[in-house]
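Structure, as structure tokens:
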Amino acid sequence: MSSRTAESAVKRVPTRDEIPESDRWDLAHLYTDDAAWEREFAGLQQRYPQITQFRGKLSESPASLLAALEFEKSIDQPLERLGTYASLRVSENASDPAFLEREARLQNLHTDIVEKCSYISPELMAIPEEKFAALTATPELKPWRTVLERLRRFKPHTLNENEERLLAMSSQPLAGHEDTFSQLTNVDLKFGIITDSTGQQVELSQSSFSSFLVKPDRDLRRRAFHQFYEEFSDHKFTLASTLASSVRTDVFQAKARNYPSALSAALFRNNIPTAVYDNLVSTVRANLAPLHRYYELRRRALGIDAIHHYDTYVPLVAQITTHLTFDEAIDRTIAATAPLGGEYTRELEAGLRGRWCDRYESKGKRSGAFSSGCYGSPPYILMNYKPDVFADMFTLAHEAGHSMHTWYAQRNQTFQDHHYPIFLAEVASTFNEELLTHHLLGQTTDPQMKAYLLNRQIDDLRGTIYRQTMFAEFEKIIHERQEAGEALTLDTLTKIYRELLVAYFGPDFTLDPQLDLECLRIPHFYSAFYVYQYATGMSAAVTLSRQVLETGDPSRYLGFLQSGGKQYPIDTLKAAGVDMSSPQPVESALKLFAERVEELARLLNINHDTR
């Protein structure tokens, strides 16, 4: 075979130009073209220095404070729009120098703007308590009352003007590790070619890796796993260095602002008690037995002597294969969300069948999935949809939950109050996954299909609650080690991670040494103390979805979506009917997991006797 023929036989990731326009998002709602972005960028460059005109005047009167806040808003809105467009374009192709250059320029501008605005917080904090209370009580400042009261909470953690200016100037240099990690993992790492059981050569990538792990061919899964991690092993010292640098930055910023710990600093903004984080870890730790039983069930169902990590994603009902087009995934998502009413499904379907979504993998495109938008724009969705990966339909429903949360929040809150925190965002997304599971289970009487769907829900709960809590525990440990003055070397990081793998996967699980390197490839570790919210979000979503399905009344849940960031997240959830300050929601979700494991065992006729 000639080299040209061999090359053509390889199933490669397409370039973006090879993806039909109808399958790509339409960013014209942000800017009609790059030139329009440049015009707004230039206009903002000219205008933002005027923010200094309010220096020393914030406490003069309600009118002077209002003028400053509205001017800052007139900077923040276009800055958010510019940033959304720039980041979405980089997500399309992280190797395009023009996209990277645009984003870098915007980061520089953002740093300058933050520097120019750095006097605002210290000046507001310096206003005496009685005068501040009188200002915020005036009718003119009512639209800004939530913002001002929350800002005042930061008084113990706000530095003087010169110190705030220095921290603002240092924000971009301190984030360099994140750019390094992104470029290394999304662009520079090359995972090679895998030959599947049919002789087809397929390019292994960050995105396609998950596709290999659900293949029934165990040798193919094993080869993909080892080949994938071989590339990470070749760069493990660099990756360990970038992760350690990220942790050091978190600790530095927490200390600089007088927080007792990096964890406290991360939770403070949304007024989340550290007990919520600790309760999550302790509750999950106390309920690992059902997870270990599930791994044994999986081993028996697959008929293997020893279970490895590359055996944990393949569907257990091997006779059922799935191939869903993107439009078919939309159909099922819309049907599943019908309990939320006509407005919800109508707007979601229009967006998904329109061009909210960038559907398929392309060369240089960011891996994974996300929802992103800005005030007044569509809530865009990035996907790397693969018809042969059943989980991708759940990913679509997940991101659709984020997008509709954004849609409702924008239409019911002002710009300054519409931003909802991640703690709430993960409720809306996993809520949709719960509705989808309920819908699909109700559509089948086939025991095999039911077993398949139960397996899917179990793996969803496992991946979202157990796995993310393990990640959360890892984050807490490594930050505490740094705060104690210990060095975060490659050896330290992987040893800590190995201990967690042993605990969470159990004594009968075969842990390949390569899995220790997993801690070096998780992008969310560069946004510290983020992942725990997946677990708390799903726990809340289980409660809320049952509430809607049992009562037939979505009003409290829709009120939750509409609230945006108007209240602190714990209060928002309490209003919707969930108390996340107690362990009860997590316990309920883990109880559901245990029940589903037993139900699946009965369907597969597998008992839990020891080997």
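Throughout, read-outs are computed from the coordinates displayed, never taken from laboratory work. Values in this document were obtained by computation on a predicted structure and should not be read as measured data. For neighbour counting, all protein chains shown are included, and Cβ atoms are generated from backbone atoms with ideal geometry for every residue, glycine included.
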Completion exercise
With label points set 7 Å from each Cα along the Cα-to-Cβ direction at Gln514 and Gln53, the distance between them in nm comes to 6.2
Handout entry: Exposure proxy order (Cβ contacts within 10 Å, fewest to most) of Leu280, Leu340
Key = Leu340, Leu280
Handout entry: Cross-link partners of Lys574 among aspartates and glutamates (Cα-Cα below 15 Å; sequence separation of 8 or more within a chain)
Key = none
Completion exercise
In order over the stretch 252-262: 3J(HN,Hα) from phi, Karplus 6.51/-1.76/1.60, θ = phi - 60°, whole Hz, x for each Gly or Pro, gives 4, 5, 5, 5, 4, 9, 6, 8, x, 6, 5
Practice task
Using Cα positions and a limit of under 21 Å, work out the lysines in reach of Lys215, with same-chain residues fewer than 8 apart set aside.
Solution key: Lys11, Lys386, Lys450
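Grab the Cα-Cα distance for Thr111 and Asn258, subtract it from 0.36 nm times how many residues apart they are, and report the gain in nm with one decimal.
On the way: separation 147, 0.36 × 147 = 52.92 nm, distance 2.22 nm.
50.7 nm is the gain from fully extending Thr111 to Asn258.
Taking every DSSP beta bridge that has both residues in the chain, what percent is antiparallel when rounded to the nearest 5? Intermediate results must be reported in sequence, preceding the final value.
Details: 6 of 10 bridges.
That works out to approximately 60 percent antiparallel.
What order do you get for Arg222, Arg602, Arg366 when you list them from fewest to most C-beta neighbours inside 10 Å? Write out the running numbers ahead of the final one.
Working: Arg222 15, Arg602 11, Arg366 22.
Starting with the residue having the fewest Cβ neighbours, the order is Arg602, Arg222, Arg366.
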Problem - trypsin sites (Lys or Arg not before Pro) within the stretch 110-188: DSSP coil, no more than 14 neighbouring Cβ in 10 Å - result: Arg153
Exercise for the section: Take Asn412, project a point 7 Å from its Cα along the Cβ direction, then tell me which residues of the stretch 427-463 have their backbone nitrogen under 14 Å from it. Expected result: 428
Fill in the blank from the handout: Phi angles of the stretch 240-251, converted by Karplus (6.51 cos²θ - 1.76 cosθ + 1.60, θ = phi - 60°) into ³J(HN,Hα) in whole Hz with x for Gly and Pro, give 5, 5, 5, 5, 4, 5, 4, 5, 4, 5, 4, 5
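With the cut-off at 21 Å, tell me which of the pairs Lys116/Lys566; Lys116/Lys155; Lys131/Lys566; Lys255/Lys476; Lys57/Lys566; Lys236/Lys363 have Cα atoms farther apart than that. Intermediate results must be reported in sequence, preceding the final value.
On the way: Lys116/Lys566 27 Å; Lys116/Lys155 19 Å; Lys131/Lys566 24 Å; Lys255/Lys476 16 Å; Lys57/Lys566 27 Å; Lys236/Lys363 24 Å.
Listed pairs above 21 Å: Lys116/Lys566; Lys131/Lys566; Lys57/Lys566; Lys236/Lys363.
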Handout entry: Sequence-distant residues sharing a close amide H with Ile307 (under 5 Å, placed H)
Key = Thr510
Fill in the blank from the handout: Honestly the stretch 392-483 on the Cα gyration tensor test (a ≥ b ≥ c root eigenvalues; a/c under 1.5 rounded, otherwise a/b vs b/c for prolate or oblate) is just oblate
Practice task
For helix 422-442, report the angle its Cα long axis makes with the longest principal axis of the Cα atoms of the chain; keep it between 0 and 90° and round to the nearest 10°.
Solution key: 30
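Under the rule of -39500 (n - 2.57) per DSSP H run of 4 or more residues, summed and divided by the residues of the chain, what mean residue ellipticity at 222 nm is obtained, to the nearest 500 deg cm²/dmol? Write out the running numbers ahead of the final one.
Values: 27 runs with 368 residues, N = 611.
Calculated from helices alone, the mean residue ellipticity at 222 nm is -19500 deg cm²/dmol.
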Exercise for the section: For Val202, list long-range residues whose amide hydrogen, built 1.01 Å from N in the peptide plane, is under 5 Å from its own amide hydrogen. Expected result: Lys11, Ile194, Thr195, Asp196
Problem - Crossing angle, helix 218-234 versus the chain [Cα axis fit, 0-90 degrees, rounded to tens] - result: 40
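Using Cβ contacts closer than 10 Å as the measure, can you line up His524, His405 from fewest to most? Write down the numbers at each step before the final one.
Numbers: His524 16, His405 26.
The most exposed by this proxy come first: His524, His405.
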Problem - Separation in nanometres of the label points that stand 7 Å from Cα toward Cβ, at Ala98 and Glu230 - result: 3.8
Practice task
Using only Cα atoms, tell me the angle between helix 326-336 and the longest principal axis of the chain; keep it within 0 to 90° and round to the nearest 10.
Solution key: 80
Practice task
For the stretch 586-599, just list the computed ³J(HN,Hα) in residue order, Karplus coefficients 6.51, -1.76 and 1.60, θ = phi - 60°, integers in Hz, with x standing in for Gly and Pro.
Solution key: 5, 4, 5, 5, 6, 5, 4, 4, 4, 5, 5, 4, 5, 5
